[in-house]
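Participant: The structure is given below, and queries will be raised subsequently.
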Amino acid sequence: MAAPCDPDQLEFALAVPFPSQWEASIAVRSLSPDREPRKGGITRTLSVTENILSVKWTADEARVLRVAIASFLDHLALVMETMDAFGQSVPQ
């Protein structure tokens, strides 16, 4: 949910559960190389704790935050669809 973290910044955090820590790790490694579309004004932090992929954005403009989140969700959907299509190759 978007919430102010200081008067000039917006923050949004997302937690995505995966069936296993292994799948969450695949997702974070697949999504980590993608930088935000703009160099300044936004930061994104990815982490995995157990089977939860956590993402946090901080931005100075609502429009930039919205575009970054939408782009990330598109990539996340693609990663999840790919993992589903190829199935698990390593036991949990």
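Participant: Of the residues in the stretch 41-89, how many are closer than 12 Å to Ala15 by Cα and of a type in the set (Asp, Glu)?
Facilitator: 1
Participant: Which condition from (1) in contact with an Asp or Glu (Cβ under 9 Å, 6 or more places away or on another chain); (2) modelled with pLDDT under 95 is the one that Lys56 breaks?
Facilitator: It is condition (2) that Lys56 fails.
Table: residues versus (1) assigned to a loop (DSSP other than H, G, I, E, B); (2) surrounded by fewer than 15 Cβ atoms within 10 Å (Cβ to Cβ); (3) modelled with pLDDT of 90 or more; (4) hydrophobic (A, V, I, L, M, F, W, C).
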site: Val16; (1), (2), (3), (4): no, no, yes, yes
site: Ala27; (1), (2), (3), (4): no, no, yes, yes
site: Lys39; (1), (2), (3), (4): yes, yes, no, no
site: Ala70; (1), (2), (3), (4): no, yes, yes, yes
site: Glu81; (1), (2), (3), (4): no, yes, yes, no
site: Pro91; (1), (2), (3), (4): yes, yes, no, no
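The values are calculated or read from the model by the stated rules, or taken from the named source; none is laboratory data. Fair warning: this is a prediction, and the values are worked out from it, not measured in the lab. Don't worry about glycine lacking a Cβ; one is built from the backbone with ideal geometry, like all the others, and counts go over all protein chains shown.
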